[in-house]
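So the structure is just underneath, and the comments pick up after that.
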Amino acid sequence: MTTGYTLVIHGGAGVLPRDAMTPEAEARYHDALARVLAVGEAVLAADGSALDAVEATVCALEDEPLFNAGRGAVFTRDGTHEMDAAIMDGRDRSAAAVAGICGPRNPIRVARAVMQHTDHVLMIGAGAHSVATEAGLPFEENAYFFTQARWDSLQETLDMERAGTLDDDPSRRHGTVGAVARDRKGAVAAATSTGGMTAKRTGRVGDSPVIGAGTFADNRSCAVSATGDGEAFLRLAVAHEIDARMRLASASLEKAAGGVVHDDLTAIGGSGGLIAVAADGSFTAPFNCDGMYRGWSVEHGERETHIY
């Protein structure tokens, strides 16, 4: 058991195919992951809580246009943005989430505001915007969230749909960001944020803002943030399933998470991955697809970033 902090992040399982990943692009992703890790490390190294650390870390991920959340969110089939986010505190299972929002600069901060200023867990659309406004959170114009690469991906996807040639490229389906942390006091927390799927129907919500599916935290077991085929993660209640196997069947974090990702998820045709950290500071990052943008930092130990 470690007495220091552990921070694990992901930038989604929707990695670029190896043959499309140039050395320059790969370096940009590694640099971005390292910058994000530094944000969370600063909070934890100052004896900050796991909850504050995952919020700050996911904010940094949302500000990176390389990843599908916040500024880098993908477009719906109608050419709009609808973003989801969730946060959970393992100390008392406090949790909050927002879905289908666009305007607040950092959706994860809106989720935290719902946790702090309301009695609700999940809020959508205009109601979530009102909470953000009352909390004094910054808003941005639509142009802030526009990235040419995401727009081009939407057009390509719609063209392929019309031609009947749509492929199974995970970079269109798996974009999410997340962070899990264990602080020096032994508390865990999780946060997840996403723009969803490229060309998704307006109103579609995946697993990211659903507590127990894409996001979960409990000091008795672990904290989890998932990325992948949201519908499959919802059907399996992936994050809570891992927690249950640890609490009720005494499974290790690695066995519980690995079994869900490699066996259960694969069995129903779902793909993706997740990051998880246990209350003892151990962590895992399994995935059953080509890759997952990810990284971790362990106090008194290693700091790494990986893609494939």
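The values are calculated or read from the model by the stated rules, or taken from the named source; none is laboratory data. In this text the structure is predicted, and so the values were computed from the model without any measurement. Glycine gets a Cβ as well: all are built from the backbone with ideal geometry, and neighbour counts include every protein chain shown. Side chains included, ligands, DNA and RNA excluded: accessible areas come from the protein's heavy atoms. Shrake-Rupley method; radii C 1.70, N 1.55, O 1.52, S 1.80 Å.
Criterion applied to Arg35, Arg18, Arg105, Arg28 was being more than 28 Å from Ser130 (Cβ to Cβ) and touching a Phe, Trp or Tyr at 6+ places or on another chain (Cβ under 8 Å), and the one residue passing it is Arg18. The requirement of being assigned to a helix (DSSP H, G or I) and either at pLDDT 95 or above or out of contact with any Leu (no Cβ under 7 Å at 6 or more places or on another chain) (or both) is not satisfied by Val74. Of all residues in region 90-108, those that are within 20 Å of Ala181 (Cα to Cα) and buried (at least 24 other Cβ atoms within 10 Å of the Cβ) total 6. Taking region 6-35 as the range and being part of a strand (DSSP E or B), of a type outside the set (Val, Ile, Thr) and under 22 Å from Gly196 (Cα atoms) as the test, the residues that pass are His10, Gly11, Gly12. The selection criterion, being at pLDDT below 95, open to solvent by 50 Å² or more (accessible area, probe 1.4 Å) and either farther than 22 Å from Ala217 by Cβ or of a type in the set (A, V, I, L, M, F, W, C) (or both), does not hold for Glu140.
If the requirement is being open to solvent by 20 Å² or more (accessible area, probe 1.4 Å), in a helix (DSSP H, G or I), modelled with pLDDT under 95 and not hydroxyl-bearing (Ser, Thr, Tyr), which of these qualifies: Ala126, Ala38, Ala149? Answer to the check: Ala149. The single condition among (1) more than 16 Å from the chain's Cα centre (by Cα); (2) of a type outside the set (A, V, I, L, M, F, W, C); (3) open to solvent by 30 Å² or more (accessible area, probe 1.4 Å) that Thr76 does not satisfy is (3). Taking region 194-308 and the strands (runs of 3 or more DSSP E) fully enclosed by it, the elements with 3 or more residues that are in contact with a strand residue (DSSP E or B) (Cβ under 7 Å, 6 or more places away or on another chain), at pLDDT 95 or above and open to solvent by 10 Å² or more (accessible area, probe 1.4 Å) are at 293-298, 303-306.
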